[in-house]
Amino acid sequence: MTLQAIKYNDGKLSIIDQLRLPYVENYIPIHTSEEAWHAIKEMRVRGAPAIAIVAALALASELHKLLACDHIPLGAKEVQVFITEKLRYLLSSRPTAVNLGDAARKLNIVVADHAELPESTGRSVATALIRAAEEMLAKDIEDNKNIGAYGAKWIMANGLTVAKSKATILTHCNTGSLATSGYGTALGVIRALASANNLHHAYCTETRPYNQGSRLTAFELVHDDLPATLITDSMAAALLAKADANVDAIVVGADRVAGNGDTANKIGTYGLAVLAKYHGVKFLVAAPLTTIDLATKSGSEIIIEERPASEVTKVKGPLENNPTSQMQFETVHIAAKGINVWNPAFDVTPSALIDGIITEKGVVEKDAEGQFHLGDLFRAP
Ligand code: MRU
């Protein structure tokens with residue numbers, strides 16, 4: 001059965017609560033932009049594409065309700081202002097991932113264009129937003145499938161360290177069905193390798209401090225019955241040095257790819273890229289075009305979200321012998337009280353360390369001068 005993290009049908013949105021995974025599969029309804037903002041901020045939903053889709057669909061659900069009970073303002077411009085303000089508010093939830101900004105920009109354009117039409121009304125503008133948000137959901141899944149196919153093909157053609165027919169991949173954080181509308185980006189590449197019978201083994205890092213790897217990626221790998229092993233972040237160097245592990249490529253996702261290819265992704269990604277270079281292992285970023293931000297010229301311009309110290313000093317989960325059906329989670333301290341904490345959620349990997357960026361349009365490699373030309377992806381074929 002396919003794992004569905006975002007459920008949406010005709011104005012009804014619910015998301016799997018990722019704070020309770022992998023112990024409890026509990027869906028929470030999202031009716032409004034405010035509920036979506038809190039779900040994103042608290043990381044009940046996370047992952048760059050998923051954040052954007054949930055925000056867009058939450059606003060669509062809110063408008064659906066207003067339309068159903070005839071509470072939508074009559075004027076097209078009035079509804080346009082309402083939507084623009086809601087999108088601005090949603091954008092303030094988390095700063096690093098660009099997908100939400102990209103979705104808001106596109107939705108604002110749809111709404112502005114629609115509001116200009118002579119026959120437009122408040123209802124028709126709201127309906128235009130709902131349609132555009134629903135299309136984003138469908139397009140993200142389609143894009144991920146293409147990313148998976150291109151990435152798997154590239155790895156089989158360029159990434160294998162020794163002559164063999166199956167690849168071993170290390171990945172970081174969670175980039176799967178839980179981080180997107182479905183299938184995933186980096187995890188989509190692993191899924192595509194597996195469907196083509198080209199996956200030997202997948203390794204996932206724990207991804208401290210939020211443990212997206214051990215909680216979420218491990219959950220997806222077990223769910224799909226893929227050959228996989230969990231390691232702590234500090235074991236990655238030893239794994240790459242281990243001849244019989246034979247890791248062929250490290251594939252990660254992205255929260256924002258700058259115009260020059262510098263990539264913000266989950267904290268720890270940069271360290272893995274340095275390790276890959278040292279060990280001669282390919283380092284690939286898998287991301288849809290919605291994650292590529294040409295307006296940000298290089299990684300130094302990317303704002304890195306800093307999260308609360310408690311994420312580093314405490315862990316949360318069910319007690320070992322506590323039946324998960326009771327849904328009781330306990331918090332445990334794991335650091336000396338009083339210690340200062342630095343908790344950046346992301347880091348920036350310089351493009352010099354990246355061998356390729358896997359997109360839904362294909363894998364972009366650098367030219368002879370070591371430059372990515374990401375702008376070409378946005379030009380009509
Ligand atoms: O803080 P998170 O869990 O939202 O961070 C997620 C990541 O860094 C992912 O790798 C990235 O968003 C890509 S998800 C397809």
Legend entry - Condition broken by Ala132, with the remaining ones in (1) assigned by TED's automatic domain parsing to the domain that holds Pro22; (2) within 12 Å of the ligand (Cβ to nearest atom); (3) among the hydrophobic types (A, V, I, L, M, F, W, C) satisfied: (2)
Inset, instruction - Name, by its number, the condition in (1) in contact (Cβ under 8 Å) with a residue 60 or more places away in the chain; (2) away from the ligand (no atom under 16 Å from the Cβ) that does not hold for Glu78. - result: (1)
Legend entry - Unique match (being surrounded by 23 or more Cβ atoms within 10 Å (Cβ to Cβ), among the β-branched types (Val, Ile, Thr) and not in a helix (DSSP H, G or I)) among Ile83, Ile51, Ile28, Ile15: Ile15
Inset, instruction - Give the residues of the range 332-354 that are of a type outside the set (S, T, N, Q) and over 20 Å from the mean Cα position of the chain (by Cα), sorted by residue number. - result: Val332, His333, Ile334, Ala335, Ala336, Lys337, Gly338, Ile339, Val341, Trp342, Ala352, Leu353
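To keep it simple, each residue is scored yes or no on (1) among the aromatic types (Phe, Trp, Tyr); (2) in contact with a helix residue (DSSP H, G or I) (Cβ under 6 Å, 6 or more places away or on another chain); (3) within 16 Å of the ligand (Cβ to nearest atom).
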{"site": "Asn321", "(1), (2), (3)": "no, no, no"}
{"site": "Val332", "(1), (2), (3)": "no, no, no"}
{"site": "Gly338", "(1), (2), (3)": "no, no, no"}
{"site": "Val341", "(1), (2), (3)": "no, yes, no"}
{"site": "Ser351", "(1), (2), (3)": "no, no, no"}
{"site": "Ile354", "(1), (2), (3)": "no, no, yes"}
{"site": "Ile357", "(1), (2), (3)": "no, no, yes"}
{"site": "Gly362", "(1), (2), (3)": "no, yes, no"}
{"site": "Lys366", "(1), (2), (3)": "no, no, no"}
Legend entry - Scan of the range 261-293 for residues that are near the ligand (Cβ under 10 Å from one of its atoms), small (Gly, Ala, Ser) and more than 17 Å from Arg94 (Cβ to Cβ), ordered by number: Gly268, Ala286
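Quick one: is Pro288 buried (at least 24 other Cβ atoms within 10 Å of the Cβ) and either without any contact (Cβ under 8 Å) to a residue 24 or more places away in the chain or not β-branched (Val, Ile, Thr) (or both)? Before you say what the answer is, go through the steps one by one.
On the way: buried (at least 24 other Cβ atoms within 10 Å of the Cβ): yes; either without any contact (Cβ under 8 Å) to a residue 24 or more places away in the chain or not β-branched (Val, Ile, Thr) (or both): yes.
Considered against the rule, which asks whether it is buried (at least 24 other Cβ atoms within 10 Å of the Cβ) and either without any contact (Cβ under 8 Å) to a residue 24 or more places away in the chain or not β-branched (Val, Ile, Thr) (or both), Pro288 comes out as yes.
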Legend entry - Search result, residues across the range 190-244 that are among the small types (Gly, Ala, Ser) and touching an Asp or Glu at 6+ places or on another chain (Cβ under 8 Å): Ala194, Gly213, Ser214
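Before we move on, is Ser14 touching a strand residue (DSSP E or B) at 6+ places or on another chain (Cβ under 7 Å), at pLDDT 95 or above and of a type in the set (Ser, Thr, Tyr)?
Numbers: touching a strand residue (DSSP E or B) at 6+ places or on another chain (Cβ under 7 Å): yes; at pLDDT 95 or above: yes; of a type in the set (Ser, Thr, Tyr): yes.
Here the answer is yes, as Ser14 does meet what is asked.
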Legend entry - Any chance Arg215 is among the basic types (Lys, Arg) and in contact with a helix residue (DSSP H, G or I) (Cβ under 7 Å, 6 or more places away or on another chain): no
Inset, instruction - Determine which single condition Asp70 fails, assuming it passes every other condition in (1) more than 30 Å from Pro308 (Cα to Cα); (2) part of a helix (DSSP H, G or I). - result: (2)
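Hey, can you tell me all the residues within the range 142-172 that are aliphatic (A, V, I, L, M) and assigned to a strand (DSSP E or B)? Break it down into steps so the answer makes sense when it comes.
Of the range 142-172, the ones aliphatic (A, V, I, L, M) are 147, 149, 152, 155-157, 160, 162-163, 167, 169-170.
Across the range 142-172, the qualifying residues are Ala167, Ile169, Leu170.
With respect to Leu3, determine if the residue is modelled with pLDDT under 95, in a loop (DSSP other than H, G, I, E, B), among the hydrophobic types (A, V, I, L, M, F, W, C) and touching an Asp or Glu at 6+ places or on another chain (Cβ under 7 Å).
On the way: modelled with pLDDT under 95: yes; in a loop (DSSP other than H, G, I, E, B): yes; among the hydrophobic types (A, V, I, L, M, F, W, C): yes; touching an Asp or Glu at 6+ places or on another chain (Cβ under 7 Å): yes.
Yes: the conditions hold for Leu3.
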Legend entry - Residue pairs meeting the criteria (Cβ under 7 Å; at least 6 apart or on separate chains; first closer than 16 Å to Glu42 by Cβ, in the range 297-315; second of a type in the set (Lys, Arg)): Glu305/Arg94
Legend entry - Members of the range 31-48 that are under 19 Å from the mean Cα position of the chain (by Cα) and in contact (Cβ under 8 Å) with a residue 24 or more places away in the chain: Ala36, Trp37, Ala39, Ile40, Lys41, Met43, Arg44, Val45, Arg46, Gly47, Ala48
Inset, instruction - Could you check Thr296 against (1) under 23 Å from Thr171 (Cα atoms); (2) within 16 Å of the ligand (Cβ to nearest atom) and say which number it fails? - result: (1)
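The values are calculated or read from the model by the stated rules, or taken from the named source; none is laboratory data. These numbers come from a predicted model, not from an experiment. Cβ sites come from the backbone with ideal geometry, for glycine too, and all protein chains shown count toward neighbours.
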